[in-house]
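Have a look at the structure below, then the notes.
The values are calculated or read from the model by the stated rules, or taken from the named source; none is laboratory data. Since the structure is predicted, the reported quantities are computational estimates derived from the model, not experimental observations. So basically every Cβ, Gly included, is an ideal-geometry build from the backbone, and we count neighbours across all protein chains shown. Ligands, DNA and RNA are stripped out before the accessible areas are found, and what is left, the full protein with its side chains, is counted by its heavy atoms. Shrake-Rupley method; radii C 1.70, N 1.55, O 1.52, S 1.80 Å.
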Amino acid sequence: MDIPVYLFTGFLESGKTKFIQETLMDKRFNNGEKTLLLLCEEGEIEYNPSVFSGENVFIELVEDESDLTPENLEKLRRKCKAERVIVEYNGMWQLQSLFQNMPSKWIIAQEFMFADANTFVSFNANMRSLVVDKLTTCEIVIFNRFTDAVDKMALHKIVRGINRKANIAYERVSGDVEFDNIEDPLPFDVNAPVIEIGDLDYAIWYRDLSEELEKYNGKQIKFKGIVAKAESVPEGSFVIGRPVMTCCVDDIQFAGLACNYKGAAVLQNKQWVKIDAILNLEKHKMYGKVGPVLNVISVVVTDAPEEPVATF
């Protein structure tokens with residue numbers, strides 16, 4: 001039997017405990033199911049089991065990140081015979097510590113992130129890697145303590161720079177909630193006869209392509225990238241792409257695409273080129289399956305962009 005996991009992330013005093021307690025008070029969610037509540041940090045607010053029929057909720061404290069092992073987590077669940085798990089996660093721990101160590105039957109059902117609207121921009125500037133870690137996989141971001149004095153667009157841009165699909169909600173001190181309705185136009189025209197990807201827009205385009213492949217099928221595209229060649233690349237093909245950084249130097253990865261080009265043999269590895277190609281979804285040996293393949297019209301050697309590493 002799969003065990004649903006409801007994951008609540010964020011940083012100290014971000015409102016996780018209050019939200020979880022209110023959720024457990026709601027009989028639409030808590031109707032007597034045996035529930036394991038894992039606390040990976042303790043804030044100022046303490047849980048009061050008496051207000052949410054606590055006989056079916058079993059609270060366990062995980063004090064150290066090293067305690068997140070499949071054996072220990074499953075032991076805690078079996079101890080109370082829980083049918084589901086709620087995790088209040090430590091904001092200073094990487095989520096991979098949990099994801100890589102969840103028991104095989106544990107499945108993330110929902111993931112929420114909480115943040116103080118008044119301090120989030122500053123926190124992002126100083127603890128960027130932790131913010132990226134918590135935003136990347138969440139389904140909804142809840143900014144609490146929101147007031148009209150807070151720059152909503154600044155919060156929106158941080159979230160959208162990392163996660164384009166998450167819902168964003170702004171909760172005021174009064175408890176009133178409004179959902180984000182700011183539109184995010186792409187910095188290039190996907191309906192143009194030729195889609196021109198600017199030097200600063202490669203990361204955004206590559207992510208959008210990854211999420212909506214069909215949108216680009218059959219489109220003519222121009223952009224600047226690095227030639228990548230290796231023995232494993234078939235004759236008449238090469239890879240073009242750019243290093244992309246999500247949050248910090250340590251997470252830079254090469255984001256590339258397979259290209260078909262009769263003149264591939266004359267191209268040099270790590271050479272910067274401007275490519276004009278038709279993107280088709282087709283099978284390619286480099287993917288081993290159907291994927292985005294650039295059928296090259298022309299390639300022109302060029303200089304590297306001012307910022308060689310693409311960012312969001």
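Observations
- Residue within region 90-102 that is open to solvent by less than 50 Å² (accessible area, probe 1.4 Å) and over 24 Å from Arg128 (Cβ atoms) present: yes
- Residues satisfying the stated conditions in region 61-90, i.e. charged (D, E, K, R) and out of contact with any Pro (no Cβ under 7 Å at 6 or more places or on another chain): Glu63, Asp64, Glu65, Asp67, Glu71, Lys75, Arg77, Arg78, Lys79, Lys81, Glu83, Glu88
- Matching entry among Ile252, Ile240 (being within 30 Å of Leu135 (Cα to Cα) and modelled with pLDDT of 95 or more): Ile240
- Condition check for Val85: touching a residue at least 60 places away in the same chain (Cβ under 8 Å) and crowded, with 20+ Cβ neighbours inside 10 Å: yes
- Scanning region 62-82 for residues that are exposed (fewer than 14 other Cβ atoms within 10 Å of the Cβ), of a type outside the set (Asp, Glu) and closer than 28 Å to Ala115 by Cβ gives a single hit, Ser66.
- Only one of the listed residues (Val177, Val173, Val150, Val141) is over 30 Å from Ile221 (Cβ atoms), loosely packed, with under 11 Cβ neighbours inside 10 Å and either free of Cβ contacts under 8 Å to residues at least 40 places away in the same chain or among the hydrophobic types (A, V, I, L, M, F, W, C) (or both). That residue is Val173.
- Only one of Asp189, Asp184 that is part of a loop (DSSP other than H, G, I, E, B), open to solvent by 20 Å² or more (accessible area, probe 1.4 Å), touching a residue at least 24 places away in the same chain (Cβ under 8 Å) and out of contact with any strand residue (DSSP E or B) (no Cβ under 6 Å at 6 or more places or on another chain): Asp184
- Ala166 without any contact (Cβ under 8 Å) to a residue 60 or more places away in the chain and either hydrophobic (A, V, I, L, M, F, W, C) or surrounded by 19 or more Cβ atoms within 10 Å (Cβ to Cβ) (or both): yes
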